[in-house]
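Single-structure report; data block below.
The values are calculated or read from the model by the stated rules, or taken from the named source; none is laboratory data. Predicted model only: the values in this text are computed from it and were never measured. Please note: Cβ atoms are built from the backbone with ideal geometry, for glycine as well, and neighbour counts cover all protein chains shown.
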Amino acid sequence: MRHQVASSLVLFVWMLAGAPAHAQTPPAQMCRGIGTDDRVRPLPPALVPAATGLFHLEAMPSDQVLRTSYFRCDRGAVLVCNVGANLPCGKANTSRHLPAADQWCAEHAGSDFIPMYVTGHDTIYRWRCAGAKAAIAATEFKLDRRGFISQFWKRVDRPSPP
């Protein structure tokens, strides 16, 4: 009986509190505590001004910036990414062999490009067809030390106050 009362009390307090405490922690404070992890998190409203400025999104409504931006922690710093025009915020694809690209080249032999809808937007390479096989034409993007496309992630130096 005592256990049931205690469990009910904990559940009641949790429900009153709403979201878990870590979800209410400001990103700068959270990242200082975490250090580095590769979890791509939804952007909290407090970081909308930073994302807007870093990605020059002044013409975009704040709610859209919120829906299309993410953050992660690296060495205690907050990094933000905006998916924009199909820019990936997840880890990059560094594979040097893409079966879908080979299939595309079988039908488009000799093409000097393979569309991104075939290769994926997360590849770091620009692809072409060498005859009927996919080949890397160039490296388009650089990776950061964690495997994300470095050009798509920007550091928030002065986080907005909570």
What number goes with the only condition from (1) aromatic (Phe, Trp, Tyr); (2) under 20 Å from Pro27 (Cα atoms); (3) part of a loop (DSSP other than H, G, I, E, B) that Phe141 does not pass? (2)
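Can you go through Ser62, Ser69 and tell me which one is more than 15 Å from the chain's Cα centre (by Cα) and either under 17 Å from Gly147 (Cβ atoms) or modelled with pLDDT of 95 or more (or both)?
Values: Ser69 fails: more than 15 Å from the chain's Cα centre (by Cα).
Exactly one of Ser62, Ser69 is more than 15 Å from the chain's Cα centre (by Cα) and either under 17 Å from Gly147 (Cβ atoms) or modelled with pLDDT of 95 or more (or both), namely Ser62.
Say whether the condition of being exposed (fewer than 12 other Cβ atoms within 10 Å of the Cβ), within 26 Å of Thr139 (Cα to Cα) and either at pLDDT below 95 or outside the structural domain of Gln151 (by TED's automatic domain parsing) (or both) is met by at least one residue in region 6-28. If you could, list the steps in order and put the result at the bottom.
Going through region 6-28, the residues exposed (fewer than 12 other Cβ atoms within 10 Å of the Cβ) turn out to be 6-23.
Subset that is within 26 Å of Thr139 (Cα to Cα): none.
Scanning region 6-28 turns up no residue that is exposed (fewer than 12 other Cβ atoms within 10 Å of the Cβ), within 26 Å of Thr139 (Cα to Cα) and either at pLDDT below 95 or outside the structural domain of Gln151 (by TED's automatic domain parsing) (or both).
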Return the residue satisfying two criteria in turn: it lies in region 49-84 and is of a type in the set (Asp, Glu) and farther than 22 Å from Gln29 by Cα, and of such residues it is surrounded by the fewest Cβ atoms within 10 Å (Cβ to Cβ). Glu58
For residues that are surrounded by fewer than 17 Cβ atoms within 10 Å (Cβ to Cβ), of a type in the set (D, E, K, R) and in contact with a Ser or Thr (Cβ under 9 Å, 6 or more places away or on another chain), scanning just region 117-144, find the one that is farthest from Arg96 (Cα to Cα). Asp144
Here the residues within region 91-114 that are within 30 Å of Arg145 (Cβ to Cβ) and surrounded by fewer than 16 Cβ atoms within 10 Å (Cβ to Cβ) are Lys91, Thr94, Ser95, Arg96, His97, Pro99, Ala100, Phe113
Looking at region 65-121 only, could you name the residues that are farther than 15 Å from Ile136 by Cβ and among the small types (Gly, Ala, Ser)? Ser69, Gly76, Ala77, Gly84, Ala85, Gly90, Ala106, Ala109, Gly110
Pair list, Cβ under 6 Å, 6 or more apart: region 106-134 residue over 29 Å from Asn82 (Cβ atoms) and at pLDDT 95 or above, other residue among the polar types (S, T, N, Q) and assigned to a loop (DSSP other than H, G, I, E, B): Cys129/Ser111
